[in-house]
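The values are calculated or read from the model by the stated rules, or taken from the named source; none is laboratory data. Here the structure is a predicted model, which means the values were calculated and not measured. Here the Cβ positions follow ideal geometry from the backbone for every residue, glycine too, while neighbour counts run over all protein chains shown.
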Amino acid sequence: MTQYREARSCIGLVPQEISTDMFETVWNTVSFSRGLFGKSPNPGLIEKILKDLSLWDKKDSKILRLSGGMKRRVMIAKALAHEPKILFLDEPTAGVDVSLRRDMWNLVAKLKETGVTIILTTHYIEEAEEMADRIGIINKGQILLVDDTVNLMTKLGEKQLVLQLTKPLREIPLSIAKEGLSLSADGSELIYTYDVYRNDLGIAELLNRLADSHIEFKDLKTSESSLEDIFVSLVNEKAK
């Protein structure tokens, strides 16, 4: 690569470890990071970044006096100061409070809208599901799959309908038996597992069979598999 300086200026990095000059103020640290990439001063942009990360009231504070969560916010601000087109986030919300995590999600959504490509590593599965358009699942250094989030949930997601029976059953009668239908250990619930995106779910048919067989239920609920469920399923399947 012959234009390595230009390439570097397109990339922002938020490392997992907090590493910066602890005796500088927040404002000076973030502004200095912008200057490192040859960018002209832009106080308005720095102010916006600090406000987006709830750091504005700490702009004149020395970093060593900040909490761990605030220091993490400073690292993110430093990475954004030179307006990168590609942003690497290495577990940016590890060990931080819920407020910062929500701020990060909102900030990532705004950056995506401006065309910034974001590469995120995280152990928080719900974080990946919330923010990512495309997901790669890694287990013990091996990439199990890479796919669009919607496609992944479509292909591997499933849903359950749980019917709480008025009277427990010892076994599933042949009159209602069908693929995906199971009985809880105590016989008090019928559990129907089906593909989320199938057109023919068979739920109406199941309810009609229950009525014809005089099997009554007092309540029902549904649950849909999350990305975490899919991750655990893939990892367990790989371990077999």
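Find the residue count for the stretch 111-131, including only residues that are within 13 Å of the chain's Cα centre (by Cα) and in a loop (DSSP other than H, G, I, E, B).
Looking only at that region, the number is 3.
Given the residues ARG8, ARG102, which is the only one that is surrounded by fewer than 17 Cβ atoms within 10 Å (Cβ to Cβ) and closer than 21 Å to ALA128 by Cβ? It would help to see each step written out before you state the result.
On the way: ARG8 fails: closer than 21 Å to ALA128 by Cβ.
Answer to the check: ARG102.
Name the residues in the stretch 69-99 that are surrounded by fewer than 17 Cβ atoms within 10 Å (Cβ to Cβ) and among the β-branched types (Val, Ile, Thr), would you?
Those that are surrounded by fewer than 17 Cβ atoms within 10 Å (Cβ to Cβ) and among the β-branched types (Val, Ile, Thr): ILE86, VAL98.
Can you tell me which of (1) farther than 21 Å from PRO15 by Cβ; (2) modelled with pLDDT of 85 or more is the one VAL116 doesn't meet?
(1)
For the stretch 70-98, how many residues meet the condition of being of a type in the set (Gly, Ala, Ser) and under 23 Å from LEU45 (Cβ atoms)?
Narrowing the stretch 70-98 to residues of a type in the set (Gly, Ala, Ser): 77, 79, 81, 94-95.
Applying the additional criterion that residues be under 23 Å from LEU45 (Cβ atoms) yields 77, 79, 81.
Selection size over the stretch 70-98: 3.
Take the residues in the stretch 74-110 that are touching a Lys or Arg at 6+ places or on another chain (Cβ under 8 Å) and not in a loop (DSSP other than H, G, I, E, B); name whichever of them is nearest to ASP52 (Cα to Cα).
Step by step, filter the stretch 74-110, then rank; the result is ASP103.
Within the stretch 134-192, which residues are under 20 Å from ASP212 (Cα atoms), among the hydrophobic types (A, V, I, L, M, F, W, C) and in a strand (DSSP E or B)?
Step one: list which residues in the stretch 134-192 are under 20 Å from ASP212 (Cα atoms), which gives 161-183, 187-192.
Okay, now just the ones that are also among the hydrophobic types (A, V, I, L, M, F, W, C), so 161-163, 165, 169, 172, 174, 176-177, 181, 183, 190-191.
Across the stretch 134-192, the qualifying residues are LEU161, VAL162, LEU163, LEU165, LEU181, LEU183, LEU190, ILE191.
For the stretch 28-46, enumerate the residues that are of a type outside the set (Ser, Thr, Tyr) and assigned to a helix (DSSP H, G or I).
First pass over the stretch 28-46, keeping only residues of a type outside the set (Ser, Thr, Tyr): 28, 30, 32, 34-39, 41-46.
Within the stretch 28-46, ASN28, VAL30, PHE32, ARG34, GLY35, LEU36, PRO43, GLY44, LEU45, ILE46 meet the criteria.
Looking at this structure, is GLY44 on the phi > 0 side of the Ramachandran plot and surrounded by fewer than 18 Cβ atoms within 10 Å (Cβ to Cβ)? Working first, answer last.
Values: on the phi > 0 side of the Ramachandran plot: no; surrounded by fewer than 18 Cβ atoms within 10 Å (Cβ to Cβ): yes.
Here the answer is no, as GLY44 does not meet what is asked.
I want to confirm something. Restricting to the stretch 47-62 and keeping residues that are at pLDDT 90 or above and either in a helix (DSSP H, G or I) or not assigned by TED's automatic domain parsing to the domain that holds THR93 (or both), which single residue is surrounded by the fewest Cβ atoms within 10 Å (Cβ to Cβ)?
The extreme case among them is ASP57.
Just to be sure, is LEU66 in contact (Cβ under 8 Å) with a residue 40 or more places away in the chain, more than 19 Å from the chain's Cα centre (by Cα), over 22 Å from ILE11 (Cβ atoms) and in the same structural domain as GLU24 (by TED's automatic domain parsing)? Can you show your working first?
Working: in contact (Cβ under 8 Å) with a residue 40 or more places away in the chain: yes; more than 19 Å from the chain's Cα centre (by Cα): yes; over 22 Å from ILE11 (Cβ atoms): yes; in the same structural domain as GLU24 (by TED's automatic domain parsing): yes.
When the stated conditions are applied, LEU66 passes them.
Going through the stretch 105-122 one residue at a time, which ones are surrounded by fewer than 16 Cβ atoms within 10 Å (Cβ to Cβ) and not aromatic (Phe, Trp, Tyr)?
To start, the set of residues in the stretch 105-122 that are surrounded by fewer than 16 Cβ atoms within 10 Å (Cβ to Cβ) comprises 105-106, 109-110, 112-115, 117, 119, 121.
If the condition is that a residue be surrounded by fewer than 16 Cβ atoms within 10 Å (Cβ to Cβ) and not aromatic (Phe, Trp, Tyr), then ASN106, ALA109, LYS110, LYS112, GLU113, THR114, GLY115, THR117, ILE119, THR121 are the ones that fit.
What tally of residues in the stretch 177-229 results from selecting those that are at pLDDT below 75, in contact with a helix residue (DSSP H, G or I) (Cβ under 8 Å, 6 or more places away or on another chain) and not aromatic (Phe, Trp, Tyr)?
The total comes to 5.
State whether one or more residues within the stretch 165-179 are in contact with a Phe, Trp or Tyr (Cβ under 6 Å, 6 or more places away or on another chain), surrounded by 15 or more Cβ atoms within 10 Å (Cβ to Cβ) and outside the structural domain of GLU113 (by TED's automatic domain parsing). First the steps, then the outcome.
First, pick out the residues of the stretch 165-179 that are in contact with a Phe, Trp or Tyr (Cβ under 6 Å, 6 or more places away or on another chain): 165.
Right, trim to surrounded by 15 or more Cβ atoms within 10 Å (Cβ to Cβ) and you get 165.
This time we only want the ones that are outside the structural domain of GLU113 (by TED's automatic domain parsing), so: 165.
Yes, because at least one residue in the stretch 165-179 is in contact with a Phe, Trp or Tyr (Cβ under 6 Å, 6 or more places away or on another chain), surrounded by 15 or more Cβ atoms within 10 Å (Cβ to Cβ) and outside the structural domain of GLU113 (by TED's automatic domain parsing).
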